[in-house]
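Worksheet: the structure to be examined is printed underneath.
Readers should treat all values here as calculations from the given coordinates under stated rules, not as data from a laboratory. What you are looking at is a predicted structure, and each value in this text was computed from that prediction instead of being measured. Don't worry about glycine lacking a Cβ; one is built from the backbone with ideal geometry, like all the others, and counts go over all protein chains shown.
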Amino acid sequence: MTLNRRAFAVLFPIVLLGHILAGGAAYLGYRHALIAQNVARLQQNLSQLQNAYAKYASLDSQLLYVVRNSSAFLTFVDESDAEYRTRVLGIGVQDSLQSLVPNDGTSVSCSIFQSDGRQIFYFDNGADPFQALGPRQAAFAQGVLNDDVGSRTGLITEGDDATYLVMAAKVQARTGGVGIGGPQPDQSLVMQVGVRPLRFEMIRRTMAHDYGAPVKLVATAPVSRGGLSASIQLAPGLYAQETPSATYLRGPLTRFAAVTGVFVIGFSVISVGILMLLVRRYIIAPVEELDRQVTAITENRRKDIDVPDMGEVGRLAANVRMLHGQLTRSLRQIRQLYETDSVTGIGNRIYFNDRLDQFFHLSTTTGRPLTMLFIDLDNFKQVNDVHGHRTGDALLGAVANALSATVRDATEDGTEAMGIAARLSGDEFTALILADPRGAVITALIDAFLLKFRGGFRVDAVSYPVTASIGVAAVPGDADTSAHLLWCADHAMYHAKASGRNRAAFYADLPRDTAPLGGGVMPGQCGPAGLPQLPRAAGPAV
Amino acid sequence: MCRTGGRSLPAGAMVFVLALSALVPGAARANALNVLVWEWGISPDVVRAWTAMTGVEINQIVFDNGDRRDLLIANPNAPIDLAVIDSAHVQAFGDRGLLLDQSGLPLPETSRAEARWRGMCGRYGVPYSWGNTGIVYRADRLAEAPQSWGDLLKPAPALVGHIAMTDDQEELLAAALNFMGRPMNSGDPGDLRRAFELLRAQVPAVLTYGLPTTAQQKRGVGGQILIGLGGTGDEKTLNMAGAGKENWRFVTPREGAMVWVDCLVVPKRTRNPGLAERFVAFLAQPDNGATNAVFLRQPPPNPHAAALLPATMRDDPQIYPPPGYPIIYRGPFPTESLPLRRRILSALLALHDAQ
């Protein structure tokens with residue numbers, strides 16, 4: 001798992017949980033506020049309902065009082081001739097009523113019941129003259145007539161769902177005075193006024209529609225149980241209560257929950273995104289950079305590690321860098337030991353083989369000429385035999401130093417030539433120089449090297465009678481492989497020895513008949529490619 | 001029932017008029033008579049002749065609605081000595097004991113009305129004038145004279161918004177029932193329901209509910225009325241405001257002449273029954289009857305008075321129903337139908353107010 005995924009796996013659940021908790025708290029707060037707001041609105045609606053009720057109740061009361069005290073009504077109830085009363089006097093009660101009804105479409109009815117329960121007058125100002133007093137209103141009036149009450153007010157809903165606010169009062173026959181409380185069927189009659197409380201009903205219907213539940217009318221004060229519910233007193237013993245349906249708040253709450261959910265997810269994503277950016281910038285990116293640098297080092301695309309100036313990652317980079325340095329130095333030492341001749345301190349055969357391939361490749365790809373000197377000391381065995389191996393080794397070391405110095409001198413004076421020196425085995429040395437074999441560099445190098453043997457090779461003020469025979473071969477011209485080049489140089493060296501030692505022989509100058517047996521090698525070209533190479537894996541001569 | 005010039009007054013206003021009349025000096029004097037009558041219901045010449053002869057002044061208390069007039073008669077505090085009442089309403093007051101019996105009133109033969117009118121007024125009333133219900137219209141504005149109740153109840157588009165109907169439930173329903181071919185005093189709820197439907201359909205076309213003669217005096221309404229429900233003689237009152245132009249005419253619809261007769265009645269509570277009955281006898285005289293008929297442009301119930309009328313008047317189809325038209329005599333309305341009839345009128349007024 002990458003660091004990015006690890007960081008995401010850690011951050012996202014925590015951030016999401018945090019936002020969910022915050023969203024949940026917001027939801028609960030919103031729900032509380034919504035309920036409080038709707039309770040206030042509910043109370044306002046109920047107040048409107050109460051006002052409407054009060055207006056109609058007031059009209060009822062006014063109509064009842066004024067009509068009951070009108071002379072037309074008194075004359076009407078005082079008249080015992082039923083036919084005359086209907087023909088002549090009824091219109092007077094109707095006029096009394098109509099003169100009081102507001103001209104705003106308010107629907108009003110008036111009815112009078114005799115003590116025996118018979119209805120002797122009915123009028124309403126509605127647009128349907130054939131509508132009679134509803135049976136429930138009639139029963140209400142009968143109830144007042146028979147019960148122990150002087151008057152009563154009530155909301156009555158007839159079978160056709162029309163609601164009436166009715167007020168019925170006992171009236172003393174003959175005198176028209178206030179009726180005596182209690183059932184007095186022989187003396188009292190009942191006058192009842194009914195009003196269609198259209199505005200009250202409209203508010204009630206609107207509330208029922210808006211809140212998804214009807215406005216209940218109850219006789220006792222409802223007990224508040226919290227939540228979204230409210231009640232109001234319309235009249236003594238009459239309360240309106242509205243408890244909206246459970247689905248009423250579901251819509252806004254669901255919308256809020258949905259929006260909150262979207263915001264929770266959105267904020268979580270944004271927060272995690274920002275956190276990931278910060279984590280990447282300050283934690284992951286330095287680690288990744290360190291990883292890239294270490295990877296580049298392991299793939300040899302980089303040499304060193306940059307150490308950032310920050311805390312743990314910086315220390316980690318510094319430690320890795322230190323480890324890398326130690327490892328590099330160790331490798332370099334091992335390699336140096338592996339490629340160095342222990343007797344002379346210059347490169348051994350392994351070193352030579354490696355450089356030979358390198359120089360050959362460079363020559364063939366760039367076209368620069370490569371010259372190889374194959375050097376064999378003359379008479380070295382006698383030094384060993386006379387002076388001992390220790391002296392021989394010292395002599396070999398001095399020759400190696402001389403060869404290295406000569407090569408260095410020849411290639412460091414701005415000639416663009418490159419060269420190395422190595423000991424192949426025993427008293428055999430070699431030098432590889434990227435230069436023309438006939439050029440001044442090679443010529444000067446050979447002369448300088450042979451010069452060091454003139455009069456004996458001196459080591460620590462002691463002169464030893466050794467000389468050097470040098471075979472010279474080059475590409476292009478003499479060979480077409482590195483092994484072939486070695487063979488050609490070796491071959492030329494033998495010619496130098498055969499020609500009297502202490503000299504150099506160019507392979508290209510060898511006569512044709514000097515080619516090795518079975519050769520057929522032409523001047524300017526080394527012998528058969530199939531000739532055995534020098535053993536490359538052999539260790540340096542001791 | 002005479003419709004000669006009424007004034008639209010609600011019941012309360014009527015009482016107010018009564019109270020005012022009680023305050024005028026004449027009303028308080030013993031040699032004055034308070035007469036409840038339609039506006040322009042008595043010839044001024046006849047009144048002057050009576051006052052000149054007897055020194056007794058006549059205080060006219062006017063009305064334009066039968067129901068409200070009845071309330072005044074029933075009110076024991078209303079100082080009424082004499083009243084003009086539609087024959088259909090006399091019997092109820094007589095039976096209730098509110099009227100003096102006129103059957104023994106010694107009238108000479110020349111002052112006696114035809115038997116049919118005496119029969120309709122009964123023992124408590126003396127026939128005063130008769131006529132029939134019909135249509136008044138502006139002859140100068142209507143291309144064709146109306147011939148049927150249908151021309152009024154189902155008006156042509158040109159008449160929409162130019163119609164005045166009465167606010168008297170009896171006459172309103174009588175017209176509709178007559179158009180439907182039903183008895184004008186029907187108490188059948190089915191008849192009344194159909195009549196209501198007919199009248200309800202007419203509501204959008206109605207300019208005002210009130211007698212044309214009354215409505216014409218209203219500002220903003222008078223000049224717009226082209227046709228209306230009226231009675232014999234109403235065209236005279238309407239033309240009185242026409243500066244000599246006789247634009248208004250009265251026509252009896254072909255469905256029939258619904259004939260009414262107004263009767264003179266004397267309430268028992270009159271302070272001077274002798275004087276009141278003397279005025280009744282004075283009005284019944286042929287010459288006074290003829291003078292009154294010419295003024296009212298209504299036929300007199302007394303044949304001797306009718307004989308004194310000019311021939312042009314006797315032949316005028318605006319005054320006497322055209323020969324051959326069905327004659328329908330107005331009779332009492334069933335008591336049990338009256339509340340429904342009043343509610344029908346109330347409903348029509350409510351519908352008209354709401355539009």
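At-a-glance table
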read-out	value
Rounded tilt (10° steps) of B:338-354 against the dominant C-alpha axis of chain B	50
Modelled FRET efficiency - R0 41 Å, A:Val223 with A:Asp160, Cβ distances, 0.05 increments	0.75
Neighbouring partner chain Cβ atoms per residue of B:74-81, average, 10 Å criterion	2
Paramagnetic reach from B:Met313 in the range B:120-160 [backbone N under 16 Å; point 7 Å along Cα→Cβ]	B:128-132
Equivalent ellipsoid, the range A:340-514 (semi-axes from 5 times Cα gyration tensor eigenvalues, Å)	26, 17, 15
Degrees between helix A:250-279 axis and first principal axis of chain A (Cα, 0 to 90, nearest 10)	20
Surrounding net charge for A:Leu362, when Lys and Arg each add one and Asp and Glu each subtract one, Cβ distance under 12 Å	+1
DSSP beta bridges in the protein assembly as shown [antiparallel fraction, %, rounded to 5]	80
Cα gyration tensor shape of the range B:48-126, rounded if a/c is under 1.5, else prolate or oblate by comparing a/b with b/c	oblate
The range A:288-311 residues near the modelled A:Asn319 label - backbone nitrogen below 14 Å, point 7 Å along Cα→Cβ	A:311
Cα gyration tensor, the range B:240-355 - rounded (a/c under 1.5), prolate or oblate	oblate
Karplus-derived 3J(HN,Hα), 6.51/-1.76/1.60, for each residue of the range B:236-241, Hz, glycine and proline x	5, 4, 5, 6, 4, 8
Ordering of B:251-264, A:125-138 by burial proxy (mean other Cβ atoms within 10 Å per residue, highest first)	B:251-264, A:125-138
Karplus-derived 3J(HN,Hα), 6.51/-1.76/1.60, for each residue of the range B:292-300, Hz, glycine and proline x	4, 5, 5, 5, 7, 6, 10, x, x
For the protein assembly as shown, convex hull of alpha carbons as volume per residue, Å³	362
Cα gyration tensor, the range A:281-403 - rounded (a/c under 1.5), prolate or oblate	oblate
Number of partner chain Cβ atoms within 10 Å, mean per residue of B:347-354	4
Nearest 10 degrees, 0 to 90: helix A:311-339 Cα axis against chain A principal axis	20
Two-site label geometry, B:Tyr325 and A:Asn103: point separation in nm, points 7 Å out along Cα→Cβ	3.5
Cα-projected label distance for A:His389 with B:Ala49, points at 7 Å along beta-carbon direction, nm	19.2
For residues of A:120-127, the mean tally of beta carbons on other chains within 10 Å	4
Difference of contour (0.36 nm per residue) and Cα-Cα distance, A:Thr481 to A:Leu362	41.6 nm
Per-pair calculated FRET efficiency, R0 = 22 Å: A:Gln326 and A:Asp291 via Cβ, rounded to 0.05	0.65
Amide hydrogen neighbours beyond the local backbone of B:His162, cut-off 5 Å, H modeled	B:Leu207
Two-site label geometry, A:Met276 and A:Leu21: point separation in nm, points 7 Å out along Cα→Cβ	2.3
Percent of beta bridges antiparallel (DSSP, chain B, rounded to nearest 5)	55
A:Lys452, B:Lys236 arranged by Cβ crowding within 10 Å, fewest neighbours leading	A:Lys452, B:Lys236
